[in-house]
Amino acid sequence: MTVFYLAGALFLLANVVVALARVLRGPTAADRMLSGELMGTTAVAVLLLLYGATGIEALLDVALVFAILAAMAVVTFVRRTWPEDPAADDEGESR
Amino acid sequence: MSLPPGTLFLLASALLFAIGAHGLVTCRHLLRKVLALNVATTGVFLLLVTLGRSGTAVDPVPHAMVLTGIVVALSTTAVALGLIVRLERRRP
Amino acid sequence: MSLPSTAMLVVILVTLPLAAATLLFASGRQPRTLTLAAALLLTFAALALGFNVHLEGVSVHRIGGWAAPLGIHWQVTPSGTVMLLVTALVGLAGAVYGAGYFLHRPGPEGRMARVFMPLWLFAWGGLNALFVAADLFNLYVALEVMTLASVALVALSARRMALQAAMRYLLAGLFGSMIYLLGVALLYGQYGVLDFDALAAMLDVEDAGSRAGAVALTVGLLAKAAIFPLHFWLPGAHGRAEPPVSALLSGLVVAAAFYLLLRLWFGPLAGMLTFGAGTLLGVLGAGALLWGGVLALLQRRLKMLVAYSTVSQFGFAMLVFPLAISGNREPVLAGGTLLLANHALAKAALFLAAGTLVRASGSERIGQLVGFSGRARWAWLAVILASAALIGLPPTLGFSAKWLLLQTAVSQGAWWWLGIMLAGTLLTFAYLGRLLELALLDPAPGPSPPPVLTPALLVPALLLALLACASGVWAFDFELDGETFVRLEPGS
Amino acid sequence: MSMLAGIVLIVLGLLFFLSGTVGLLRFPDVFTRLHALSKADTLALGLVCAGLALHEDDGALQLKLLLIWLLVIVSGATCASLIARAALAHGIRPWQR
Amino acid sequence: MRAPPSPTASDPGNGDGLMHPVEITFDALLLFSMVVLAWQGVHARNMFRAVVSFIMFGLLTAVAWVRLEAPDIALAEASLGAGLTGALLLATLGRLAPERRGARRPKVVKLSTLPWLTMGLAGTTVLLAVTLTLPAPGLGEAVLAAMPAAGVDSPVTAVLLNFRAWDTLLEIGVMLLAVIALWSLGQDVLASKPRLPAPALPALVRLLFPLFVLSTFYLLWRGGHGPGGAFPAGALLAAGLVLALLAGAQVPERMRGAPLRWALGAGLFAFLVVAVGLMWAVGTFFAYPPQHASILIAIIEIAAGLSIGVMLTALFLGGEPTDIKGGGK
């Protein structure tokens, strides 16, 4: 059973590594932020599966904190960074 | 597998330290320097905790040290960012 | 009448600055009486502590009552007490000077007056915590308190140059802390202890991990102490800061990092001070001494000259390491400690007087300073006395310190190091002499009407310089009863 | 029985995560990617939570798992809306066939 | 309530149990992505990409702490990496002059890279070789032996607030100092008010804020017997406050000035009062009498947690909130 959970966590990790390509490719800042969000959700799932594997209850707290804070980065991005920042997109960069 | 326990983590911590130290020296942009510093510090933290695990009982002292270190790093980062903003603020 | 116990005095010295700073910040007002009362109380505590240590010798205090490897210890050593005392004197002088210097400015610049004292007290508290610490990680946190307070003080004027200097300083300081922490991690991985005494008892000088750890600790502290070639941040930070800040930074903050080098290499790491290690540190010192001295000669602005002089003087202090390789280490450490004390008092006096002179002249350029006239005469007197102490003319504290080191060098037949010391002294003589010559023989008229120089701007510098000159007589009695290193001679 | 059901749910969840990633990588513009990602991920996490809850017999922990899922739903939906609005206001036009 | 030490075979690297290949692969992939993201975070051509990579690096670091059986640190890293650090960096990016944020000039691979690379590789190898030899005895047993007198059940909390409380006091000092340092630089430099309407945001905040407060106290309470405690709790509180600020709330008029400053100083002050009070009452600095240890530590923890929350929010604001016009929320 432990191995099942671990394999699941590994699968998710591989999944998110593939999704990192979106951070590299952009092209807009929103795309990069999106993969950040995916990373957040995936991290929650990974932590849950690791909890399943190890039974350490504190991991649920960590997952909970991640879930509560999932919105932070996106909200800051939308409210503070992007509205003012044309440079965050790759306009000059060929994609 | 015959890897000694923690080898991977030690390798990663050494790499992170190297990336951070290298970035701190070579990057021009102050924000990059600050990020590099944080990366290197994370490497040191990883080293501390990985070493704290090899004993017989899990050693909470490195955990406490790293927690303290994280707070200190965050505080200094905030000050550094404040300085950067004032140095490179958009001109009105 | 009995003095408070040493433990009580230590607690006062480390907590009162933090408590006072928090109160000042939270209340949002800066009652001058309160800040000066706190500074005075701290000075009395340091004096009383000095008296206690003189009577009782080294003492160890367990924080929270927890024994060695688990808890943190304070160690009150003679050399640490000297640093505590000097910190108190410079701290008090700076507080008085700052009260006179910053309140001059109305309007938005009143902000400086508002933040100066809390930051000053934080730096003071961090320094005191450093000088009694005997625990590797506790030192890290105390170093951060000191560094962050210093950075904020450098940035105080919020001018662009000051902000740039502060940023460089912060990055250099954080780099130093990070490397230092790496050393802590390596040593902790090897021995599982942080306490100095426990570490000293366990240290295996041949072990690669311990050596790497020692190197990391040293490099981190060298960056913080601005030792050549990691000195690049110092002249900007010290030259661009406000005068009382420069005094604190040059006199104490750099000295604290250097003191930790002494504390480590004469304490837990004593066994590792081999010929190679000592010589390498000495060569770095010689480089700093010559480089800083020559650049000081070339400076045109007063505070930059004094700042480069700091680089040079700490190069001189590095020479204690090669001298301690063989033979009796006690006079070497005594000489090193006294050198730090002398530098702290004299350099602080020099920076405070420089600030006054710059204000009186309306210019930082050495060629445009006012002459030995009016009230500026008192500032010049402080400069002259402080210069004598820095050069090491008898009977100043600088003389006693250098004398101790010279004697050791002669007795060891270390002619190379002796020559470098003499060269350093000559360089110091040259750049300070040039300053005095330029300014006194060819004075500028200064702005008219001349700015008002209140006693707060004159007396602290003069007293510090006088102390540096007068305490040389007492210093020959200075002994290091029971310093850690005595128990840890290599081979024992 | 609940063991098996839990495993099935978790595997389903993992597959939905995969589909979200495929969408993120293959879809043509921000809005379509957003669409793929936020729905697939929220559902996927829900399935994983449900699967774990089936393996768990402590009510408090099951409640915590539910709370985690609810939080992700709420913030996921808000973030999707925020990013979409910001992207529109930023002058990015939805992709037309 | 304490989490039982994990009984499974998945206990990585305690010296005895061999690691399962899946675990090793997981760790390898995790650490590999961390290294890649760290490199991106420092060197990405586009500054925004660098910051996003760094935030993701923080998320993965939290998972790495979990793998290292350090849930306490994972909790702290999660509350910071996912929350405040990211917000701080993104907000900083928004405050920089546009020309200082853009893509960096295309990097030419210079000859000078080669010695750096060699030196870096050599240094890394030496570091790795050295660290692999370290026996790492640790203080685990000393802590275990002292736990009965510590006043709390969680070893990490015991180290932080009892055995090495002096470190933690100074650490809170560093944080307060950082706030004073930022305030001394002048008033807060907020980006201009965002023009975008964001109707969903206030609703989200209204929904989440009570949860933030609730979980803050939950973590404070957890700190006594498991991973949790003042710092993650404070970080969560701060995240809630920052979210409210981002949704358009403002520091209420009557909170500015003295009340805010007292809240900022409260943590350090409580710490100092307890420490010095014990010196006065017991005769030793920070020596909790065993029968009162729990309650004293709880007092410190609550004061520090709330104060940390306010301090972190102040760090995010980056300056003294005095000049904001307009009413509070």
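For the stretch C:314-449, with equal point scatterers placed on the C-alpha atoms only and solvent neglected, what are the log10 I(q)/I(0) values from the Debye formula at q = 0.16, 0.19, 0.20 1/Å, to two decimals? Per q value, in the given order, log10 I(q)/I(0) is -0.79, -0.98, -1.05.
Throw me the Rg/Rh for the protein assembly as shown, computed over C-alpha atoms with Kirkwood Rh, two decimals.
Details: Rg = 29.1 Å, Rh = 29.9 Å.
Dividing the radius of gyration by the Kirkwood radius yields 0.97.
With both residues required to sit in the protein assembly as shown, DSSP beta bridges show an antiparallel share near 80%. Dividing the Cα radius of gyration of chain B by 2.2 N^0.38 Å, with N the residue count, gives 1.34. For chain C, take the longest principal axis of its alpha carbons; what is the angle in degrees between that and the long axis of helix C:397-412, to the nearest 10 within 0 to 90? Between the helix axis and the principal axis of chain C, the angle is about 40 degrees. Long hydrophobic helices in chain A, taken as whole DSSP H segments with a C-alpha length of 24 Å or more on their own axis and mean Kyte-Doolittle hydropathy at least 1.6: A:2-25, A:58-76.
Enter the mean number of other protein chain beta carbons within 10 Å of the beta carbon of each residue in E:313-320, as an integer.
Working: counts 0, 1, 7, 3, 1, 6, 3, 1.
Average per residue, whole number: 3.
Across peptide D:15-25, the mean count of Cβ atoms from other chains lying within 10 Å of each residue's own Cβ comes to 5.
Taken about its Cα centre, the protein assembly as shown carries a charge dipole of about 4520 debye when Lys and Arg each add +1 at the Cβ and Asp and Glu each add -1 at the Cβ.
Ranked highest first by the average count of other Cβ atoms within 10 Å around their residues, in what order do C:271-279, C:256-264 fall? If you can, show how the numbers build up before the last one.
Details: C:271-279: 16.8, C:256-264: 25.6.
Answer by packing, highest mean first, reads C:256-264, C:271-279.
Between B:Val49, B:Val58, B:Val66, the Gaussian network model of chain B with springs among Cα atoms under 10 angstrom shows the greatest mean-square fluctuation at B:Val58. Where in the stretch C:417-441 does the label zone of C:Thr279 land, with the point 7 angstrom along Cα→C-beta and an amide N cut-off under 17 Å? The answer is C:417-420. About its Cα centre, chain C has a charge dipole of approximately 1940 debye under the convention of +1 per Lys or Arg Cβ and -1 per Asp or Glu Cβ, with nothing else charged.
In terms of packing, defined here as the mean over residues of other Cβ atoms within 10 angstrom, the peptides C:460-472, C:36-48 line up highest first as C:460-472, C:36-48. Put +1 on the Cβ of every Lys and Arg and -1 on every Asp and Glu Cβ in the stretch A:2-82; which of A:Asn15, A:Ala30, A:Val74 then has its Cα farthest towards the positive end of the dipole? Checked the options; the winner is A:Ala30. Taking packing as the residue-averaged number of other Cβ atoms within 10 angstrom, the listed peptides C:172-182, E:139-149 run from highest to lowest as C:172-182, E:139-149. Helices that extend 27 Å or more along their long axis by alpha-carbon positions and average at least 1.6 on the Kyte-Doolittle scale are, among the DSSP H runs of chain B, B:7-26, B:60-87.
Counting charges near B:Ser75 (Lys, Arg +1; Asp, Glu -1) among other residues having Cβ under 15 Å from its Cβ returns a value of -3. The mean number of Cβ atoms from other chains found within 10 Å of a Cβ in peptide C:187-200 is 5, as a whole number. Normalised by residue count, the stretch D:2-89 yields a Cα convex hull volume of 58 Å³ per residue.
Rule-based calculations on the coordinates, nothing more; no lab input. It should be emphasised that the depicted structure is a prediction, and the values quoted were computed from it without experimental measurement. When we count neighbours, we look across all protein chains shown, and the Cβ atoms used for this are built from the backbone with ideal geometry, even at glycine.
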